Amino acid sequence: MPNRSLVLKVLSAVIVFSAWEIAGRIPVSYAFPTFLESMNALVHMTIDGRLFSAYAETLQPLAVGIAISATLGIALGLWIGLSSWFDWLFSPIFIVMQAAPLAALIPLLVMAYGIGLTSKVFVVCIMAMPVIVLNTAGAVRNTPTSLTEMGRSFLASDYEVILKIIIPAASPVIFSGLRLGISAGFIGAILSELKITPTGIGDIITYSRSIADYPSMYAAIFSIIFLAVLFLNLLEKIEATLFAGNVRGYVSD
Amino acid sequence: MDMSPTRKNVVEASGFKVENAVSTRKISKNYGPVEALRNLSLDFPKGQLTSLLGPSGCGKTTLLKIIAGLLEPTSGEVEVNGRAVTGPGPDRAFVFQDFALLPWASVLRNVAFGLELRGVAKSEREAVAEKYIRDVGLAGFEKNYPHELSGGMRQRVGLARALAVDSEVLLMDEPFSAVDEQTRRKFQEDLLNLVQTENKTFIFVTHSIEEAVYVSDQIAILLPRPSRVSEIIRPAGFRSKGAENIRRDLEYLDIVDRIWASLRTYVE
Ligand SMILES: Nc1ncnc2c1ncn2[C@@H]1O[C@H](COP(=O)(O)OP(=O)(O)OP(=O)(O)O)[C@@H](O)[C@H]1O
Ligand SMILES: [Mg+2]
């Protein structure tokens, strides 16, 4: 029931925000503002337009990076999952990428690509792509053989087997990979703004901290988390409309 | 050979095979070190129902998949209507032991899936699918998804899907294993009707001796791995006696006993 899940979402938000407010009032730390102070700062930032110009900056590497990671990641994942040769060739790269400590790679990226958009897009992709590729490949590899066999016995071409059986069967895991990848992409975007050059939201965070304007700092952090949650919900909607059967569970026997 | 219809009918009625829809020649199949089939040769007469009966794991599914063109035999060959099988074809349809339904598709789409892959227009294929859904007794469940059905109902979806493509040879891997006894008996009768009315060749895997004897024109008893045909039995006398009387017929009971006697050695 959508209503019930909405109620639960609102309820959990209220609990988290109240806890934040209380923690801010105790206060846990002098650098920890209350929820209301932070919201107040957020409203100010929105009104004076700082928030919008910040996002105009931050969203560039984020959007480009996520778009590249999603399309290239799913395409590569399909390929890796379908061909053992490709698996052998590419899987290790993404496993290493997933395990690599990103902060250590940033200086290398900056050396190679400078401090502009390119480096930031790379950071987003390094964060987002591996999980998308590996999830997609794993899901494709684990398509139940009985389904692909059924397709072949009813004369499906290879292309139809991929389109009508493998992709729908893999789509729940592909989408969970996308969710994880996109969350990681958000982290990557902020990380790149904190570690490469302070721009956009990263700049607000760094600058507010340096002048001890903690409500603004938390407001900026809150806004990016809020945006990420909004985006993930949108993704869920897309999945539900694209693959209506996915919410219906699986039968294998 | 004289192939005029009258002559053909006469010959068939007297129990001789005229043509084979499917023949397997010296089929062997190894899964790595596991030898599933060895030198298995068997003919499946056109328009008749042949059962494969044998202990679990003896290679019945393997043989069926080789005939379907889904598996390559390690050696030997399969002919369907005189042509060597190199892969799946429109002349054969498969009912899978594990149903193999698309979990994200409704009953209607699942049943129409074979026709969808053959490029039949949506409205046309759905009309055909609806007919077969009714035939297997699932009318009213067209919009349901597989996980909302019981095991027996899922099995019937798989059956309807195979019937819907209207191919000459039906490969049925334990198609009634998950339905209840009443439905099973009804299906057995329906199957006998299908064999009589449609000029299709049925290859039917079952674990039930009674079922095999009841529905078959020919029963092939398979030995355990590596599998060969140990015996071919052709029940002849009681087919014309009507559905209710068969189970009491002496020949029927005799054959059931005989098969049990030859299979029980592998159970013990
Ligand atoms: N893909 C596979 N890889 C390895 N061994 C296999 C494979 N498929 C089947 N086998 C082996 O081949 C043998 C025959 O299997 P098959 O599924 O054909 O048996 P079956 O007669 O259909 O059994 P059941 O009546 O239980 O369905 C089994 O011993 C099984 O272990
Ligand atoms: Mg089997």
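The values are calculated or read from the model by the stated rules, or taken from the named source; none is laboratory data. Because the structure is a prediction, the values reported are computed rather than measured. Note: ideal-geometry Cβ built from the backbone for every residue, glycine included; neighbour counts use all protein chains shown.
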Quiz item: Which condition number does B:Gly54 fail, the rest of (1) within 16 Å of ligand 2 (Cβ to nearest atom); (2) at pLDDT 90 or above; (3) away from chain A (no Cβ under 14 Å) being met?
Solution: (2)
Exercise. Among the numbered conditions (1) of a type in the set (Lys, Arg); (2) away from ligand 2 (no atom under 16 Å from the Cβ); (3) in contact (Cβ under 8 Å) with a residue 60 or more places away in the chain, tell me where B:Lys60 comes up short.
Key: (2)
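Of the residues B:Arg125, B:Arg225, only one is of a type in the set (Lys, Arg) and more than 16 Å from ligand 2 (Cβ to nearest atom); which?
Numbers: B:Arg225 fails: more than 16 Å from ligand 2 (Cβ to nearest atom).
The conditions single out B:Arg125.
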Quiz item: Hey, any hits in region A:145-157 for a residue that's small (Gly, Ala, Ser), at pLDDT 90 or above, loosely packed, with under 15 Cβ neighbours inside 10 Å and outside any helix (DSSP H, G or I)?
Solution: yes
Quiz item: Do you know which residues across region A:158-178 are crowded, with 18+ Cβ neighbours inside 10 Å and of a type outside the set (A, V, I, L, M)?
Solution: A:Lys164, A:Pro168, A:Ser171, A:Pro172, A:Phe175, A:Gly177
Quiz item: Looking only at region B:78-101, which residues are away from every other protein chain (no Cβ under 11 Å) and not charged (D, E, K, R)?
Solution: B:Val78, B:Val80, B:Asn81, B:Gly82, B:Ala84, B:Val85, B:Thr86
Practice problem: Of all residues in region B:57-77, count the ones that are closer than 30 Å to B:Glu189 by Cα and either surrounded by 19 or more Cβ atoms within 10 Å (Cβ to Cβ) or within 14 Å of chain A (Cβ to nearest Cβ) (or both). | Solution: 13
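Kindly establish whether B:Leu102 is assigned to a loop (DSSP other than H, G, I, E, B) and either away from ligand 2 (no atom under 16 Å from the Cβ) or loosely packed, with under 15 Cβ neighbours inside 10 Å (or both). Talk me through it step by step, then tell me what you get.
Numbers: assigned to a loop (DSSP other than H, G, I, E, B): yes; either away from ligand 2 (no atom under 16 Å from the Cβ) or loosely packed, with under 15 Cβ neighbours inside 10 Å (or both): yes.
Taking the combined requirement at face value, the residue satisfies it.
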Quiz prompt | Selection within region A:61-79 - in contact (Cβ under 8 Å) with a residue 60 or more places away in the chain and among the polar types (S, T, N, Q) | solution = A:Ser69
Practice problem: Considering only region B:102-118, state which residues are more than 7 Å from chain A (Cβ to nearest Cβ) and within 18 Å of the chain's Cα centre (by Cα). | Solution: B:Val111
Self-check item: In region A:43-85, the residues that are within 30 Å of A:Pro144 (Cα to Cα) and among the polar types (S, T, N, Q)
Solution: A:Ser69, A:Thr71, A:Ser83, A:Ser84
Exercise. Give region B:241-261 a look and list any residue that's of a type in the set (Asp, Glu) and over 18 Å from B:Thr206 (Cα atoms), or say none.
Key: B:Glu244, B:Asp249, B:Glu251, B:Asp254
